1. Counting only other chains, what is the mean number of Cβ atoms within 10 angstrom of the Cβ of each residue in peptide B:35-45?
2. For peptide A:603-613, compute the average count of partner chain beta-carbon atoms within 10 Å of each residue's beta-carbon.
3. In peptide B:72-83, how many Cβ atoms from other protein chains are near each Cβ within 10 Å, on average?
4. Between chains A and B, what is the buried accessible area summed over both chains (1.4 Å probe, protein heavy atoms, nearest 100 Å²)?
5. Got a sec to turn the phi values of the range A:529-546 into Karplus ³J(HN,Hα) couplings, 6.51 cos²θ - 1.76 cosθ + 1.60 with θ = phi - 60°, whole Hz, x for Gly and Pro?
6. Which sequence of A:720, A:259, B:117 reflects their accessible areas, 1.4 Å probe, from the largest down?
7. How would the range A:180-267 be classified by its alpha-carbon gyration tensor: rounded, prolate or oblate, with rounded meaning a/c under 1.5 and the a/b versus b/c comparison settling the rest?
8. Please list the radius of gyration and Dmax for the range A:3-126, considering alpha-carbon atoms only, with Å as the unit.
Amino acid sequence: MDMNEIKEIFFQECEEQLAELESGLLKLNDGDRDPETVNAVFRAVHSIKGGAGAFGLDDLVSFAHVFETTLDCVRSNRLEPNQDVLKVMLKSADVLADLTNAARDGGSVDQARSRQLIKELEALANGELPQASPAEPAPRGAAPTPAPVVAPPVNEEGFQPVAFSFEDFEADEPALIEGTCYEIVFRPKSELYAKGNDATLLLRDLSRLGEMSIHCDTDGLPPLDRMNPEEAYFSWKISLKTDKGEDAVRSVFEFAEWDCDLDIALACGGAVDASEELPMQPVPFDLSLLDEAAAGSAEEEEQIATRDRDAAVSAAETASNVLQMAQSSNRAPVEAQRNAAAAQQAASAATPTIRVDLDRVDRLINLVGELVINQAMLSQSVIENDTNGTSSINMGLEELQQLTREIQDSVMAIRAQPVKPVFQRMSRIVREIADMTGKSVRLVTEGENTEVDKTVIDKLAEPLTHMIRNAVDHGLETPEKRLAAGKSAEGTVRLTAKHRSGRIVIELADDGAGINREKVRQKAIDNDLIAADANLSDEEIDNLIFHAGFSTADKISDISGRGVGMDVVKRSIQALGGRINISSKPGQGSVFTMSLPLTLAVLDGMVVTVANQTLVVPLTAIVETLQPEASAIHSFGASQRLISIRNSFCPLVDVGRILNFRATQANPVEGVALLVESEGGGQRALMVDAIQGQRQVVIKSLEANYTHVPGIAAATILGDGRVALILDVDAIVAASRGQSLKPEMSLAAAG
Amino acid sequence: MTYAAKNLTTGGRELIAFRVGDQEFCVNIMAVREIRGWTPATPMPHAPSYVLGVINLRGAVLPIVDLSARLGMKAAEPTVRHVIIVAQVKSQMVGLLVDAVSDILTVRDDEIQPTPDISSEFEKSFARGVLAIEGRMICLIELEAVFPREEREAA
């Protein structure tokens, strides 16, 4: 196995880890607080980091590292995974996926975005949580995490009680909330300048945190003749009054902290001299938090007193190994904890899996398909040549039949996969579009465990992405408009998958404004698609959006209107042998329904004869079969005929006629009627000449070598080796409603 | 590989020649996957008249094009003596129904004459050139033009 193969495996694993990561984060977002979920998320990022490190993918490693650090804070209960935190994390997961893809395919990544997220992640890890600072900390520190968390409350909230203590000093209310004062002594070493940092810039950054006064200490400045220009002589005393936490102050010096002496001490507003006393002020309050955990309280006091970062770290290490700030010096306990978590997971579930090349599975499926056909051929010829039925041959054949079917089922199951990964990808799209458009969107997915062939899943992503974008960009209104319309500000996009009639039906519903039919109509008139006075039904108007070059967006936005419209979506769905329908209610939203075949799957079919041709009708579509009697057939208008079934009338559809196999309608009394239920819900009686029997058939693609044929879902190969066509019942029913079943063949006319 | 190697040494290419009606045509041998006898095809609804239907080629569904009808001549009435040339056009396979395969030709590029200036645009669109060999005229066919590709892109 060469390096590239190993790398390929790593990227495959990355994909899994990323999926795991996203699903875990989404679970957390839904309120799941299972520690194992957090662990799984952490593990995913950690594994990616580990693998990326081995391959020297530095960008990936550094991002994953920051991400991991923040996740670790969540894992050790130092960071509450609330909506805002998860929003950052979900975005980070997206960036991580981008970085992974870039590492694999050599693309580029939005650097600004990843830098921004690194900042946000670091801010979270440092406890700069917008919500966490004002009111929350006290109850949180006290209630849910009593025993194990020793150091964290101090680290994160140590400065917080000071604000309370100010009550005694100052009656000034606003200052009480806003003003935490720090005395900072900043003494740069020459290394700081050697590394290209500039003290001025740091001070400027610091000044942005709040009110600041600076005193420059020039005492260290030697006489000019003894001055070494590369040395650092200045130091600064800074009084800073800020509403940001100490971590924000520290983060200013983040890149300089090893190259300077930095003392950050709490002080009150202006009363610099009292600074010695003040840090002690919060101690009683803190002790109440720490009472239960006596261990290390001495260190903590010291820590509070000195406010020295190094001391804090070492104190934390000794006090509790919960505090593992993913600082690389502190690996062993992290490892141990991770192993424990992994073991726990292994115990809880995890069926072992292997990774197989898709080509191998395809080959196997083809071979099994051949086996099934050969077995059928064998059966048929044995039956034909049967001379008084030697029972051993018949029994052997029967067993062979059963075995083949079992093998086939198992092999098919290998390729079948839940649509979950595609649906998960959609949640990212929703997030991104929601961000871009400033809309608030919730994606609800249902039936994501519905299994469908891998080939279908792969091709599903593109049209779905486009439709989701449309749903959010065009479908949903802005929060203001929604509120004005009496809806909740947050729009909902619902993505559902289910099996129906041997097909997979995927539905995308939004609760937006629905299609603006007036606008669509006008646009169609402008584009010469319809005549100005055309009388169109609502459905017909809705379906106009599938026309090429049609976009309802007023202006071309970043998200849609790139000249790729719903016509492309429709085409790609048709190319998959699927169909797409739209139904829209003004003010209530639109529903797009896609019905796709489960290609390469096996199908239980009714084998029928129509105009001397053998056809297969999917069994799932058939409600019942009946032999029409002359008295039950009623003419309706010029050409329509209805059949009365238990006093209701059902239109008769001559399959042979509609497929153009014969020129005139057959006499219904001579045939058999298959009562079918179509996707639209309507019942039809399909007329065929005769029923041969039921059989399981292997679906063969027509599109592979030919083209999509309207009215035909796919092909199969029968026992005699001939190809039989599988009827697309829904399309036949739609055609019987008057929609055209004309082939879209340009060359048919030319030839 | 061997064909390519041969092409390199002789500077020529190999073509398979076949008969359709009283005319002779040829296609690049590299596109031909196999040659088999005629088996009855399953007709396709709404297919163009020159598509005879589909047959089972070891588990794959193979459309059969009546080359005679496709080229605007009389539609064939397939018998067991007819031959199907299984050819690959891009990623797809197609079976061409022809009367008989005559021989394998090795020709140099400069032996292929441009298509004569004929009136029909249609013939021009599938003919890639003509060969004069021992008094016979053999038309080199562009397979992609023979197979109805456009509709698949449109569909």
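The values are calculated or read from the model by the stated rules, or taken from the named source; none is laboratory data. Computed from a prediction, not measured in an experiment: that's the story for all the values here. Note: ideal-geometry Cβ built from the backbone for every residue, glycine included; neighbour counts use all protein chains shown. These accessible areas exclude ligands, DNA and RNA; they are computed on the full protein's heavy atoms, side chains included. Shrake-Rupley method; radii C 1.70, N 1.55, O 1.52, S 1.80 Å.
1. Average neighbour count from other chains, rounded to a whole number: 5.
2. Across the residues of A:603-613, the mean count of other-chain Cβ atoms within 10 Å is 1.
3. Details: counts 1, 0, 0, 0, 0, 0, 0, 0, 0, 0, 0, 0.
Mean partner shielding for this stretch: 0.
4. Summing both chains' loss of accessible area gives about 2800 Å².
5. Each residue of the range A:529-546 in turn: 7, 10, 6, 4, 9, 5, 9, 10, 6, 4, 5, 4, 5, 4, 6, 4, 5, 7 Hz.
6. B:117, A:720, A:259
7. Prolate, because a/c is 1.5 or more and a/b exceeds b/c.
8. Calculated on Cα positions, Rg and Dmax stand at 13.6, 41 Å.
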